[in-house]
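The values are calculated or read from the model by the stated rules, or taken from the named source; none is laboratory data. Source: prediction; values computed, not measured. Please note: Cβ atoms are built from the backbone with ideal geometry, for glycine as well, and neighbour counts cover all protein chains shown.
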Amino acid sequence: MLESDFYEESIVSSYTSMFHSARALLFKDGITERSHACVIAYLSKEYGQSLGQDHISWIDTYRLERHESFYGLEAPGMDKYESKDALNKAEKFLESIKNIINDGKIVIDGRRLKEAENAEIYGGVCW
């Protein structure tokens, strides 16, 4: 999309990558989210230190840009630089999420090496 000058769509795709990788942490903890804002709030509360506030700020910024892109009345007017920046941040975000998951000894390919220590603590739904 970036190469075809679809900058807005590229940023939305970068956010979508961040959103779904963040959901992996919620699923790991037994949480079901019901909104995009909930994911950000949960990350901030439960993973603020390990993930870093910069990463939380990235996903929240792109969440708002996605919302404006989908529901706003004016075109956001994004450029190639912003799109490349979003893509780079999405890649860093995904790597950070993988590192957090792997530190808990949960392997993404489905093999569990160790039970998550607090898997039963977070058995709720986030609205």
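Structure above, values below:
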{"item": "Selection count, the range 69-97, where residues are touching a residue at least 12 places away in the same chain (Cβ under 8 Å) and closer than 14 Å to PHE6 by Cα", "result": "11"}
{"item": "Residues located in the range 22-69, provided they are among the polar types (S, T, N, Q) and touching a Pro at 6+ places or on another chain (Cβ under 9 Å)", "result": "SER69"}
{"item": "Where a residue in the range 46-68 is farther than 10 Å from MET18 by Cβ and its partner, wherever it lies, is modelled with pLDDT under 95 and not in a helix (DSSP H, G or I), with Cβ under 6 Å and at least six apart", "result": "GLU68/PRO76"}
{"item": "Helices (runs of 4 or more DSSP H) (entirely within the range 1-79) containing at least 2 residues that are out of contact with any helix residue (DSSP H, G or I) (no Cβ under 8 Å at 6 or more places or on another chain) and over 20 Å from SER96 (Cβ atoms)", "result": "53-71"}
{"item": "Of residues in the range 51-74 being more than 15 Å from the chain's Cα centre (by Cα) and of a type in the set (D, E, K, R), the one nearest to LEU26 (Cα to Cα)", "result": "GLU68"}
